[in-house]
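Working notes, beginning with the structure itself.
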Amino acid sequence: MERIRSPRELEEIRQEILRGRDPDKPCITICSGTGCHAYGCERVTEAFRAELKKQGLEKRIDLRTTGCHGFCERGPVVLINPQKIFYQRVTPEDTAEIISETLLKKNVIERLLYIHPGTGERIVREDDVPFYKGQMRIIFGNNGKIDPRKIEDYIAIGGYSALSKVLTELSPEEIIDTIKRSGLRGRGGGGFPAGVKWESCRNAPGGKHYVICNADEGDPGAYMDRSLLEGNPHSVLEGMMIGAYAIGSDEGYIYVRHEYPLAVRNVGVAIDQVRECGLLGEDILGTGFNFDIKVNRGGGAFVCGESTALMASLEGQAGEPRAKHIHTVESGLWDKPTNLNNVETWANVPLIINKGVEWYTGIGTETSKGTKIFSLVGRVNNTGLVEVPMGMTLREIVYDIGGGVPGDGKLKAVQTGGPSGGCIPESLMDIPVDFDRLTEVGSMMGSGGMIVMDDTTCMVDIARYFLNFLKDESCGKCTTCRDGTRRMYEIVDAISQGEGREGDIELLEELSWVVAEASLCALGQTAPNPVMSTIRYFRDEYEAHIKDKRCPARVCKALITYVIDEEKCTACGRCKKVCPVEAISGEKKVPHRIDPEKCIRCGACITECKFDALEVV
Amino acid sequence: MKQQAIDQILGKYDYEHSSIIGMLQDLQEKENYLPEKDLEYISERLSMPLTRIYRIATFYNAFSLAPRGRYLINVCLGTACHVRGAARVLDKLKMDLGIDVGEMTRDRLFSLETVNCLGSCALGPIVVVGGEYHGQMTPARVASAIKKYRKKRSRKRDGKD
């Protein structure tokens, strides 16, 4: 794209792009987020392209690959615009029919529609799918409208107009005041007011200032930052530019997990594009504002999501946190004032500038404004990314949007906040989700992971899982965190093996207190949360493991046995064939049996049995 | 790796000490692991103590000091995959390959590793083999998923690929 020298030129280019676009022109939109990639959306795209060429329709029908639409469970997802017809689980074989039937003859293909699990009704339009209906996609919605690798698409939907506005109409102080009044709180976990942070950083002496985008999304089960960076990188860049101007910074960094190759690639492309057209670099839009951004890939260390550890990593050190007697806004990267915000926080900024404080504060609760993107995953029917206004209840999110738990499972708990968070039991499903309420019930917002658990999930096993994670990810600097999490893991592991002893729960509680009180950074301070919250709400499960040597959810291997129900077994031999240790015996027409001594409880037989004859007791 | 190629990587980062993580990432991308002699060379060229490079290489999970197989098998152990039974998938893989996490098969075809979350939770449990995603894995599907890559290699050996 040619160089844009002034706000007026930006507006002219926008108008020119829009003139070349017909909103009524048919367009096939294919989700190309990591989830749909894994389902093979590239092959679907290729098939569409080949088919359009074959039929000579390339000029009449647009083909657009976009970022993640959020409904990953149903990928590859294809949207036919302008009617917004929603097709799910599309295969390359379906493409010819979609073009000839839907695009040319305007017929809907029933087979590819989403079926409402409750009513059995087939839903045609995206907006009517319950998963989308309950959401408010002000940040995430644009993912489905633009090709992340085309800056024209972002400019067409009003991109960089917020940057243009702040550079020409607002002073840095006015921007900070706007962000403060909007009530925007950090989406990375802490929930610290973004405007206050910006102000402290701006006022900090020390010459050079830095801004950082934290895209080291380490919480297992959370991937909203990846999808934003992947699907709409320009919105994050624009937010950073506005922040940099307000704070007085000319250099920014994006620290992104190396496990997210597509996000690294797309943000790299986006940076090249803005640099080329002069929106990044020197004298941006002819206003004299200079700013540039570099991308650094993380090395796969969870602790680097912590701000001081992240900065150490950017400096080429091992990512160990330091004490924060002096805040990073005063002395951060290279000992200079540094303002770090998370991906989603940055993406909120252009929106607040464009739509205004009044509008933004109209969304959310008293203390938590705006929306939050959650990754709704685990034992839930509609897995995916959901953006909802703050204050929606957990029940609405899990049932109305998520479609409840699969099969005849019963909802047991929702885990939020990743390894620093906790498990919220079913009885508390009606609490409104915002920063403060989640903390009150012993969990936290975190970056927005929301893992649904049903009666097949063992809470002792979950505590063990998180402790295992934390003991590996502890950087080792503080003894309480390094050794404390390890000791806690050993105790919980023993409980799950049926070797728990009286007094273990009390010992865990005591250790939790020490680890939380005596560790330096948030990793250690919050490490006991998964244990504390599961003890608080599911103490009976711990006691069943310790006293009765029983795992109520039938998960902990040492406490369960696999048996075959002889009445149901048809002796088909499938289980016998898949058993990796030859623990299953039986002749033709004779119900099979499992040798508990040989059985390693891998579960292969259960998934293989077509007759529901296998039981775990 | 040839010294010239290493210098190219170091040059890309202007021989800046602060970019050591990026340099090691680039080296590993080419070599699949961090060979000792290459680290010694980097240490010499950057005038950076080898112990510091070793500290970085062992602190971050992404780096491997041991050679890895042709196909890296990464089992996602994120929470979403965990509640859907990822541990059982991993157990089956260990058994079928006859190796533990962090090890390589004797034929140098596979290395087995785990990752904390790939952010593809809808597809969980998820296993990535040589960069290809295999979603909704079950212990029963493990064998057929690996078989494909064994075949790929034997085809290559026969000169058919």
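The values are calculated or read from the model by the stated rules, or taken from the named source; none is laboratory data. No experiment lies behind these values; they were computed from the predicted model shown. As a convention, Cβ positions derive from the backbone with ideal geometry for all residues, glycine included, and neighbour counts pool all protein chains shown. Calculation scope for accessible area: heavy atoms of the full protein, side chains included, ligands and nucleic acids excluded. Shrake-Rupley method; radii C 1.70, N 1.55, O 1.52, S 1.80 Å.
At a glance:
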read-out: Cut-off 17 Å (backbone N to label point 7 Å along Cα→Cβ of A:PHE611), residues of segment A:557-581; value: A:563-579
read-out: Per-residue [θ]222 nm for chain B (sum of -39500 (n - 2.57) over DSSP H runs n ≥ 4, rounded to 500); value: -14000 deg cm²/dmol
read-out: Eligible lysines near A:LYS588 by straight Cα distance, threshold 27 Å, same-chain separation 8 or greater; value: A:LYS568, A:LYS576, A:LYS577, A:LYS598, A:LYS610, B:LYS92
read-out: Listed peptides A:438-450, A:98-110 by packing density, highest first (mean Cβ within 10 Å); value: A:438-450, A:98-110
read-out: Equivalent ellipsoid semi-axes - Cα gyration tensor, segment A:248-365, angstrom; value: 25, 20, 17
read-out: Amide H within-cut-off set for A:ALA571, under 5 Å, with H built and near neighbours excluded; value: A:HIS592
read-out: Average accessible area per residue (Å²) across segment A:371-454 - probe 1.4 Å, nucleic acids and ligands excluded; value: 23 Å²
read-out: Sequence-distant residues sharing a close amide H with A:ARG185 (under 5 Å, placed H); value: A:ALA194, A:LYS369
read-out: Interface residues in segment B:103-144 - accessible area drops by 50 Å² or more relative to the isolated chain, probe 1.4 Å; value: B:ASN116, B:CYS117, B:GLY119, B:CYS121, B:ALA122, B:LEU123, B:TYR133, B:ALA140
read-out: Expected-Rg normalisation [2.2 N^0.38 Å, Cα atoms] applied to chain A; value: 1.04
read-out: Taking the convex hull of Cα positions in segment A:159-360, its mean projected area over all directions (nm²); value: 10.3 nm²
read-out: Using θ = phi - 60° and Karplus 6.51 cos²θ - 1.76 cosθ + 1.60, couplings along segment A:17-34 (whole Hz; Gly, Pro as x); value: 4, 5, 4, x, 10, 10, x, 8, 5, x, 9, 9, 9, 10, 5, 10, x, 4
read-out: Buried area at the A-B interface (accessible, heavy atoms, 1.4 Å probe, summed, Å²); value: 3700 Å²
read-out: Cα Rg over Rh - segment A:459-547, Kirkwood; value: 0.95
read-out: Percentage relative contact order, segment A:459-547, counting C-alpha pairs under 8 Å, at least six apart; value: 36 percent
read-out: Expected-Rg normalisation [2.2 N^0.38 Å, Cα atoms] applied to segment A:23-132; value: 0.99
read-out: Nearby lysines by direct alpha-carbon distance to A:LYS355 (threshold 20 angstrom, same-chain neighbours under 8 apart not counted); value: A:LYS145, A:LYS165, A:LYS180, A:LYS369, A:LYS372
read-out: √(5λ) per eigenvalue of the Cα gyration tensor, segment A:371-454, largest first, Å; value: 18, 13, 11
read-out: Amide H within-cut-off set for B:HIS134, under 5 Å, with H built and near neighbours excluded; value: B:VAL127, B:VAL128, B:VAL129
read-out: Per-residue ³J(HN,Hα) for segment A:464-476, Karplus 6.51 cos²θ - 1.76 cosθ + 1.60, θ = phi - 60°, Hz, x for Gly and Pro; value: 5, 4, 5, 5, 4, 4, 5, 5, 6, 8, 4, 6, x
read-out: Straight-distance crosslink candidates among lysines, where the alpha carbon sits under 16 Å from A:LYS336 and sequence neighbours closer than 8 are dropped; value: A:LYS197, A:LYS208, A:LYS324
read-out: Globularity ratio of segment B:3-59, using Cα Rg and 2.2 N^0.38 Å; value: 0.97
read-out: 1.4 Å probe accessible area per residue over segment A:459-547, in Å²; value: 41 Å²
read-out: Accessible carbon and sulfur surface of the protein assembly as shown relative to its total accessible area, %, 1.4 Å; value: 47 percent
